[in-house]
Amino acid sequence: MKFQDEINRRRTFGIIAHPDAGKTTLTEKLLLFGGAIKEAGAVKSNKIKKGATSDFMEIERQRGISVATSVLAFEYDGIKINILDTPGHKDFAEDTFRTLTAVDSVIVVIDVAKGVEEQTEKLVEVCRMRNIPMIVFVNKMDREGKDAFELLDEIEQKLNLKVSPLSFPIGMGYDFKGIYNIWENNINLFSGDSRKNIEETIEISDIDSLEINKLIGDSAAETLREELELVRGIYPKFDKQEYLDGNLQPVFFGSALNSFGIRELLDCFVDIAPKPRPKKSEERWVEPNEDKFTGFVFKIHANMDPNHRNRLAFIKIVSGEFKRNTPYLHVRHNKKVKFSSPNAFFAEKKEIVDISYPGDIVGLQDSGTFKIGDTLTEGEYLNYKGVPSFSPEHFRYINNADPLKSKQLYKGIDQLMDEGVAQLFTLELNGRKVIGTVGALQYEVIQYRLEHEYGAKCTYENLNVFKACWVEPTDPKNEEYKEFLRVKHRYLAKDKDDQLVFLADSSFSLQMTQQKYPSIKFHYTSEFQ
Ligand code: G4P
C-alpha cells in the first residue's frame, strides 16, 4: 500500500469525559466492534478509585493500567484507528492536555443524567481553542436523564459548541425505545427481554411512513416526527467541512453499556473524522505526506520495573515514515539517535514494528534522553509547538530527607519532571526547589516513586503561591525590566527550561505587579510566542 493510502486510512483520536460518564465502557465497545477484543471487561478503567488517594497500591495499579491503555489501536472497515488515553481525573488534567496535542479529533462523552460536567468543560475548551474536530456522544440513554433538547441546549451554552444532532433518541430511561439515525435515515430499536440486545436496523425511507407507527406505537411515532421537525428547524444541517474546521459538532445518542448506538457512532466516525492533520512547528507547517519523517514526544512513561530505569517515550508521527534502526535527529540535543525496538500499540499488546506512518504512535525505549515536547526529524532543525506547561495550582518546597541520597533525589526529581508528573521551579534567590502540581495527589505519587524507584526520601513544605507566570519583557534591557528583576528578586524562579517565572503570592500582588510594570507580559502558560 502506498504511503498516501496509509495516511488516508488512519484516524487518531482521544475520548474525553468527566470521570464516570462512560469513557472506558465506550472504548471497550469500540474495540469489540473492531474485533480487537473478544469480551467486555478487557479494558481496565484507569480511574483513581474514590477515597484511595493515599493508597499507594492504587497509584501503582493506576500507573500499570495507564501504560496498558496509553494507546489502543484497532482496524475497522480497512481504517486503522488509534485511541489515545486521556485520564479524566482532574489531578491528571495536564497529562490529558498534552495528549490532546497528539490527537487529530476527539469524541466527547456526556452522561445524559449529569449533563455537562466540570472536567468536560475544561477539556472541551482546550479542544475548541485548537480547533480540534469534536463528535459528542450522549451516553446512558437507558437511564432517566435530561430531555434531549434541554441537554443539547446545555451543551451549546456551557461548552460553547454549535451542535448538529446526527441521531435522536426515541424516549429515554424505562421508555427508551431506540434511536432514529438522522445520518443514515434508519431506526435502531432497543428491545429484548434483557434490554441488552440490539435489534436489527430498520431502514426508513420516509419519516411519515406508517412503518414507524408499527414499530414504536402511534404516540411515540408522532412525538418522534415532531421532534425531528424541531431538530431540523433549530439546528444547522451537518456540514463535514464545518466539523473539520472545529465550527460544528455532530451529536449521537446511545448507551455504551448496552452497545447501543455505538456502531452508528463508529460508522460515522470513520467516515467523517479527519485523517492525520498538518502540524505547526516553530519554523513552518508540516504536512503528513512530506517525504521526511518528523514527530514529537507527547508522553513519557516510567518503566514499572524499578530495576530497569528505562522509560517509554510516546512519539506521534507527524510526517514521513518512521523506520526501525534508522538514525534520527534529536533536535534539542542536536544528536543522532536510532531505535532498535520501537513499539507499536494494539488493543491488548505492544509489538516491535519496522515501519510506522503519520497518525501512528510509537513507543521508544529511553534511558533519560527525552522530555515532553522533544522533536525528532531526519535532519531538519524544527521544533513542534503545542506541549505547553500551565501554571500549577499547588506549590511546595521539596526538601531532601536523607542527605546521603541527594544525588538520587535530584536525578529522580529530574526524571519525574521530564515525564511531566509535575513542574520544577528553582528560586533565583537561594536555589531552593519548588514543585508545582495540578492536584495534591501528585505530591504523594512523587514521594512514593522517589523512594521506590530512586531510593531517595523527601519532605515537603508549604509555599504560598497563587500562580506561576512566565515572564516576557518587551525589552530585556530597559530600566523597567531591570527594576522588576531587582525588586521582585525573591519571587523569581527558573522553570526546567530555564525560562523566568514570577511566583505571585496573591491575585492582588499579581495585579499590582502588572500595573507597575506595563511593558512586561505575564503568561499563565509556558508557551507564548
Ligand atoms: P469512565 O471511564 O468515563 O470513568 O466511566 P466508565 O466507563 O467506567 O463508566 C462508569 C459507570 O457507568 C460504570 O458503572 C459503567 O458500567 C456505567 N455505564 C457506562 N455506560 C453506561 C450506559 O450506557 N448505561 C448505564 N446505565 N450505565 C453505564 P460502575 O457501576 O461505576 O462500574 P462497573 O462496576 O459497572 O464497571
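The values are calculated or read from the model by the stated rules, or taken from the named source; none is laboratory data. Since we're looking at a predicted model, the values are computed, not measured. When we count neighbours, we look across all protein chains shown, and the Cβ atoms used for this are built from the backbone with ideal geometry, even at glycine.
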- What helices (runs of 4 or more DSSP H) lie completely within the range 397-514 and have 2 or more residues being closer than 30 Å to Gly88 by Cα? 406-419, 441-454
- Item | Filter result (in a loop (DSSP other than H, G, I, E, B) and within 12 Å of Phe13 (Cα to Cα)) within the range 81-93 | Asp85, Thr86
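Report the residue count in the range 475-514 for those that are of a type in the set (S, T, N, Q) and over 36 Å from the mean Cα position of the chain (by Cα).
Within the range 475-514, residues that are of a type in the set (S, T, N, Q) and over 36 Å from the mean Cα position of the chain (by Cα) number 1.
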- Item | Residue count for the range 216-255, restricted to those that are within 16 Å of the ligand (Cβ to nearest atom) and either of a type in the set (Phe, Trp, Tyr) or out of contact with any Pro (no Cβ under 9 Å at 6 or more places or on another chain) (or both) | 3
- How many residues does the range 126-146 contain that are touching a residue at least 12 places away in the same chain (Cβ under 8 Å) and exposed (fewer than 15 other Cβ atoms within 10 Å of the Cβ)? 3
- All but one of (1) touching a Phe, Trp or Tyr at 6+ places or on another chain (Cβ under 8 Å); (2) over 22 Å from Val106 (Cβ atoms); (3) within 15 Å of the ligand (Cβ to nearest atom) hold for Ile170, so report the exception by its number. (3)
- Among (1) within 28 Å of Thr437 (Cβ to Cβ); (2) more than 18 Å from the chain's Cα centre (by Cα), which single condition is Phe390 missing? (2)
- Message: If I ask for residues that are more than 15 Å from the ligand (Cβ to nearest atom) and among the charged types (D, E, K, R), which ones from the range 126-149 would you list?
- Response: Arg128, Arg130, Asp147
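Okay, residues lined up against (1) at positive phi; (2) touching a residue at least 24 places away in the same chain (Cβ under 8 Å); (3) surrounded by 15 or more Cβ atoms within 10 Å (Cβ to Cβ); (4) under 20 Å from the mean Cα position of the chain (by Cα):
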site	(1), (2), (3), (4)
Ala302	no, yes, yes, yes
Phe314	no, yes, yes, yes
Lys349	no, no, no, no
Gly359	yes, yes, yes, yes
Lys371	no, yes, yes, yes
- Note on the structure: Checked against (1) in a loop (DSSP other than H, G, I, E, B); (2) out of contact with any Lys or Arg (no Cβ under 9 Å at 6 or more places or on another chain); (3) within 16 Å of the ligand (Cβ to nearest atom), Asn258 satisfies every condition except (2)
- Task: Check the range 257-272 and report whether any residue there is of a type in the set (Phe, Trp, Tyr) and out of contact with any helix residue (DSSP H, G or I) (no Cβ under 6 Å at 6 or more places or on another chain).
- Result: yes
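Determine whether Asp291 is surrounded by fewer than 17 Cβ atoms within 10 Å (Cβ to Cβ) and without any contact (Cβ under 8 Å) to a residue 60 or more places away in the chain.
So Asp291 passes the test.
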- Quick one: Leu123 ticks every box in (1) within 14 Å of the ligand (Cβ to nearest atom); (2) aliphatic (A, V, I, L, M); (3) in contact with a Gly (Cβ under 8 Å, 6 or more places away or on another chain); (4) over 21 Å from Phe260 (Cβ atoms) bar one, so which box is it? (3)
- Odd one out for Pro274, checked against (1) assigned to a loop (DSSP other than H, G, I, E, B); (2) without any contact (Cβ under 8 Å) to a residue 40 or more places away in the chain: (2)
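Restricting attention to the range 25-42, which residues are under 11 Å from Ala347 (Cα atoms), modelled with pLDDT of 65 or more and within 13 Å of the ligand (Cβ to nearest atom)? Spell out how you get there, then give the answer.
To start, the set of residues in the range 25-42 that are under 11 Å from Ala347 (Cα atoms) comprises 27-28, 30-32, 34-38, 42.
Retained after the next criterion (residues that are modelled with pLDDT of 65 or more): 27-28, 30-32, 34-38.
Passing the criteria: Thr27, Glu28, Leu30, Leu31.
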- Message: Which of the numbered conditions does Trp183 fail, given that it passes all the others? Conditions: (1) away from the ligand (no atom under 14 Å from the Cβ); (2) surrounded by 23 or more Cβ atoms within 10 Å (Cβ to Cβ).
- Response: (2)
- Message: I'd like to know if the range 75-97 contains one or more residues that are of a type in the set (Phe, Trp, Tyr) and modelled with pLDDT of 90 or more.
- Response: yes
